[in-house]
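Report on the structure given below.
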Amino acid sequence: MMNDSLLYSDEHEPFLAAWMEGVISDDELRALVSESDYRAYLKLRQGIRMIELSEPNLEAQFAAIQDKINQPKAVASKGKLISLYASIAVAASILLFLGWNAMFSFSEHIASPYGTTQTLALSDHSQVILNAHSQIDYPRWFSMNRQLKLNGEAFFKVSKGSKFTVETSVGAVQVLGTQFNVLTGKDFLEVTCYEGKVRVLHQGQEWILTRGMNVRINGSQVQTWNQILHTQPSWISGESSFTNMPLQRVVQQLEKQYHCSIIYPQNLAQISYTGSFPHQSLETALQSVCLPLQLKHKTNPDGTIELFE
């Protein structure tokens, strides 16, 4: 049997960590503590091992620890009593740390490749459809903390429940249960509400959108407008559509759909484009953008596509 001096020092350091690492066997532990304490240790170990496999009932686990503390104890040595309380404190700290990290760390990452959409079902039964070359990050236990970060474009079907927040580099979008589209990029954010109500936040300003309403933030410029909508964005069906969109944003979507590089004079960057392009043919897509703007295009020897007047 293991000597007491190996279990804890004169400062009464807890031996729970040594047991969980396998330094102390189950039989050795059982010989050193009461039967009720032994069963409590086993439950604590099982709970810690399961913490990464399922969402925790933190309140129930904390109540179990409190019950254990409040139970009358058989006469035990002072060293063992201190070790029991210290071990329970260590276990509770581990549970709380892992739970906090899983709820508030954006540890899950999903990215869609060029030219491809991707559908994701979240743990709260909400659905996200990512447009080409877009990505989201969200907590592992999303149903307990409905926040995610978006770079690119996505359509959201949000199940009813607590506040659902989409964070972008330009602003945030908040809802309770609705359907909406978010397109984001450097100094750019566009939000379209398809169902329910959406709150858009940007640098202390706030917009409330209902079905058919849009807000676009492009640098320091803000535009809002209403339009007749279908049930979902056209890009989900293979066609990207735009209303008075700066050409540079249209070009970015072309590049994401066709994994190409497009150059153009900077004086064309902010001209407005209203129209659409298909996702099946690059040549048709280029013609769909260039013809209404009276532009031409060519492919350079290095493979880049050039737009010019």
Quiz item: With contacts defined as alpha carbon pairs under 8 Å and 6 or more residues apart, what's the relative contact order of the stretch 159-210 in percent?
Solution: 30 percent
Quiz item: the stretch 143-180 to the stretch 213-232: how many Å between their Cα centroids?
Solution: 17 Å
Quiz item: Fully extended, how many nm does the chain gain between residue 241 and residue 31 (0.36 nm per residue separation, minus their Cα-Cα distance)?
Solution: 68.4 nm
Quiz prompt | Rg(Cα)/(2.2 N^0.38 Å) for the stretch 165-248, N = residue count | solution = 1.02
Exercise. Would you mind calculating the gained length between residue 297 and residue 232 on full extension (0.36 nm times residue separation, minus the Cα-Cα distance), in nm to one decimal?
Key: 20.3 nm
Quiz prompt | For the stretch 173-254, size of Cβ-based charge dipole, Lys and Arg +1, Asp and Glu -1, in debye | solution = 80 debye
Self-check item: Entries in 149/186; 157/256; 157/186; 256/296; 149/197; 160/186 that, when Cα-Cα distance is taken, lie over 26 Å
Solution: 160/186
Quiz prompt | Dipole magnitude of the stretch 158-203 about its Cα centre (Cβ charges: Lys, Arg +1; Asp, Glu -1), debye to nearest 20 | solution = 200 debye
Quiz item: Summing Lys, Arg as +1 and Asp, Glu as -1, what charge do residues with Cβ under 14 Å from the Cβ of residue 257 carry, residue 257 excluded?
Solution: -2
Quiz item: Rounded to the nearest 0.05, what FRET efficiency do residue 151 and residue 210 have when you use their Cβ-Cβ distance and R0 = 22 Å?
Solution: 0.25
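Read the figures in this text as sums done on the coordinates, not as results from a lab. Note that the coordinates shown come from a computational prediction; the quantities given were computed from them, not determined experimentally. Cβ sites come from the backbone with ideal geometry, for glycine too, and all protein chains shown count toward neighbours.
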